[in-house]
Amino acid sequence: MTDLFHEPEDATPLEPHERDGLLQTWITHRRDLNQAEQENIVVGAAWARGRRRVPLERMLGQDFIRTLHKRMFGDVWKWAGTFRTTQRNIGVESYRIGMDLASLLTDVLYWVENETFPKDEIAVRFHHRLVAIHPFPNGNGRHARLAADLLIERLGGERFSWGGGTLADVGELRARYVEALRAADNHDIAPLRDFART
């Protein structure tokens with residue numbers, strides 16, 4: 001049980017009150033938590049893909065973004081779909097989440113309507129900014145990757161491979177992903193765009 005909440009050093013640690021939001025009492029080890037979250041994510045992805053007819057404006061709305069997180073993590077965490085209220089090692093200050101998310105969603109709609117960037121780049125920029133906002137206590141990267149996949153599919157593209165493996169585990173693949181995110185933080189989107197398609 002000692003490593004249940006042990007996070008990789010580049011991950012967002014949970015606050016004690018957020019740890020108390022664990023719904024499944026059978027989870028006592030990190031691998032159990034990873035398995036439960038992954039099973040819930042599969043259910044959430046199926047739910048989201050069943051909503052392909054939802055208008056783009058609604059898909060790029062705060063309600064859909066929050067509901068997607070709840071569908072992905074709501075069987076595991078009581079706080080799923082709820083914006084974080086505490087400061088993190090990454091992400092905007094918690095009071096800015098709603099404003100920054102609204103700004104991002106408006107920007108993405110503009111990019112799509114005006115073909116500001118190629119479709120892949122629109123979805124990857126959406127992913128990057130959603131991760132940078134870090135709206136939820138946990139699961140932000142997985143949520144943002146699925147949201148970007150839903151967007152690129154809606155735009156007529158293929159979902160991303162995101163390096164072709166699992167990014168939940170510490171390792172070379174996760175290190176490449178984090179490095180690509182940091183490049184995007186410095187206004188170089190190419191490494192993250194390339195990583196998304198590897």
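Structure above, values below:
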item: Region 1-28 residues that are of a type in the set (Ser, Thr, Tyr), paired with ones that are modelled with pLDDT under 65 and assigned to a loop (DSSP other than H, G, I, E, B) (beta carbon under 9 Å, 6 or more apart); result: Thr28/Met1
item: Members of region 8-34 that are of a type in the set (Val, Ile, Thr) and modelled with pLDDT under 90; result: Thr12, Thr25, Thr28
item: Checklist (1) over 24 Å from Val178 (Cβ atoms); (2) out of contact with any Lys or Arg (no Cβ under 8 Å at 6 or more places or on another chain); (3) surrounded by fewer than 17 Cβ atoms within 10 Å (Cβ to Cβ) applied to Leu105, failing item; result: (3)
item: Members of region 83-107 that are in contact (Cβ under 8 Å) with a residue 40 or more places away in the chain and of a type in the set (S, T, N, Q); result: Thr86, Asn89
item: One residue from Arg129, Arg96 being closer than 26 Å to Asp20 by Cα, part of a helix (DSSP H, G or I) and not acidic (Asp, Glu); result: Arg96
item: Boolean, Ala80 is touching a residue at least 12 places away in the same chain (Cβ under 8 Å), surrounded by fewer than 16 Cβ atoms within 10 Å (Cβ to Cβ) and among the small types (Gly, Ala, Ser); result: no
item: Qualifying position, being out of contact with any helix residue (DSSP H, G or I) (no Cβ under 7 Å at 6 or more places or on another chain), among the small types (Gly, Ala, Ser), under 24 Å from Asp149 (Cβ atoms) and in a helix (DSSP H, G or I), among Ala46, Ala102; result: Ala46
item: Residue in region 134-153 that is in contact (Cβ under 8 Å) with a residue 12 or more places away in the chain, over 21 Å from Ile41 (Cα atoms) and either surrounded by fewer than 19 Cβ atoms within 10 Å (Cβ to Cβ) or touching a Gly at 6+ places or on another chain (Cβ under 6 Å) (or both) present; result: no
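The values are calculated or read from the model by the stated rules, or taken from the named source; none is laboratory data. Please read all numbers here as calculations on a predicted model, not as lab measurements. Because the Cβ atoms are built from the backbone with ideal geometry, glycine has one as well, and the counts that use them run over all protein chains shown.
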